[in-house]
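Structure first, commentary second.
The values are calculated or read from the model by the stated rules, or taken from the named source; none is laboratory data. Every value quoted in this text rests on a predicted model; they were computed, and no experiment measured them. Reconstructed Cβ throughout: ideal geometry from the backbone, glycine too, with neighbour counts over all protein chains shown. Areas reflect the complete protein model, heavy atoms only, side chains present, ligands, DNA and RNA absent. Shrake-Rupley method; radii C 1.70, N 1.55, O 1.52, S 1.80 Å.
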2 protein chains.
Amino acid sequence: MRMSREEVEAIASKLNYRHRDGTVVAVVQDARNGLVLMVGFMNRDAVVLTLTTGYVHFWSLSRRRIWMKGETSGHRLRVQSVYVDCDLDAILVKVVPEGPVCHTGHLTCFYRRIVDGNVWDYELGLKRGLERD
Amino acid sequence: MRMSREEVEAIASKLNYRHRDGTVVAVVQDARNGLVLMVGFMNRDAVVLTLTTGYVHFWSLSRRRIWMKGETSGHRLRVQSVYVDCDLDAILVKVVPEGPVCHTGHLTCFYRRIVDGNVWDYELGLKRGLERD
């Protein structure tokens, strides 16, 4: 999915960038199987870049800069379709990932499931602690 | 899914409430069909309430209070499973909704798809403007 700069600007101008640093929430979902892959934030420039290049870009709240997912790892997220929510402050991007999405090597950043007070790595079926990777 | 208060407190204490008002991002997905339904924010109390009651609670950034989704409409979100992301600042809640999720009556808040610079109501196949509902 790629759109012209004019089309993209018209859409980007409508969103409500009400979150930190002037962003919308961006949920990324695997277009093939429905797996929710990660969540990030996009400012207006990141929205424009995502729609014009066809690859997901975010605004990094910690580094305070635009980044293309996969710019280092090569595991880019190719955009297949984009949805906006009712109050225009969140978007849903369905993608085809070009590699594992999580920096841990998992297919999704949401790879740990909470079960009865324990945390399970649902891809591997292992019981784990709840520590940051 | 309901857990004991002790189990829930242990998990809630591990999350990184780094977003506005001390919140994590919460993505809500339909457990039956993978549809992404809505996005919200949860502070620690909302996480605890969600896990102990088995119904999704959020922190409202605009009203600055806890609310249970469906407290007015009756369209509650029954929790089926919960996942945490790699850096512990986002959770994914798979639910069975007890009614349409969006206040517009749509099944999901992400009911508008961007197609070549236009916006389509993908549930109804209608071309629409991109205005807030």
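Structure summary
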read-out: CD proxy at 222 nm, helix term only [per DSSP H run n ≥ 4: -39500 (n - 2.57); per residue of chain A; nearest 500]; value: -4000 deg cm²/dmol
read-out: Protein-only accessible surface order, largest first, of B:Arg2, B:Arg65, A:Arg63, A:Arg128 at 1.4 Å; value: B:Arg2, A:Arg63, B:Arg65, A:Arg128
read-out: Ratio of Rg to Rh over chain B (Cα coordinates, Kirkwood Rh, two decimals); value: 1.00
read-out: Nearest-ten-degree value, helix A:44-53 long axis tilted from longest Cα axis of chain A; value: 90 degrees
read-out: Protein-protein interface of the stretch B:31-71, residues with accessible area decrease of at least 30 Å², isolated chain reference, 1.4 Å probe; value: B:Val36, B:Val39, B:Phe41
read-out: Most to least packed among A:85-96, B:68-79, B:107-118 [average Cβ atoms within 10 Å]; value: A:85-96, B:107-118, B:68-79
read-out: P(r) histogram, all alpha-carbon pairs of the stretch B:1-79 included - 10 Å bins from 0, percent; value: 19, 52, 28, 1
read-out: Residues in the stretch A:78-105 that, when all protein chains are in place, have 30 Å² or more less accessible area than the chain alone would give (probe 1.4 Å); value: A:Val82, A:Tyr83, A:Val84, A:Asp85, A:Cys86, A:Leu88, A:Leu92
read-out: Cβ nearest the rotation axis (B onto A), residue from chain B and distance to the nearest whole Å; value: B:Gly34, 1
read-out: Accessible area of chain B divided out per residue, in Å², using a probe of 1.4 angstrom; value: 43 Å²
read-out: P(r) histogram, all alpha-carbon pairs of the protein assembly as shown included - 10 Å bins from 0, percent; value: 7, 32, 38, 20, 3, 0
read-out: Along principal axes, Cα extents of the stretch A:62-106, largest first, whole Å; value: 33, 26, 16
read-out: Accessible carbon and sulfur surface of the stretch B:5-101 relative to its total accessible area, %, 1.4 Å; value: 47 percent
read-out: Partners for B:Lys14 among lysines (Cα-Cα distance below 28 Å; same-chain residues under 8 apart left out); value: A:Lys69, A:Lys127, B:Lys69, B:Lys94
read-out: Chain pair B, A: total accessible area buried, heavy atoms, 1.4 Å probe, Å²; value: 4100 Å²
read-out: Solvent-accessible area lost in complex, 10 Å² minimum, residues of the stretch A:109-133 relative to chain alone, 1.4 Å; value: A:Cys109, A:Phe110, A:Arg112, A:Arg113, A:Ile114, A:Asp116, A:Gly117, A:Tyr122, A:Leu130, A:Glu131, A:Arg132
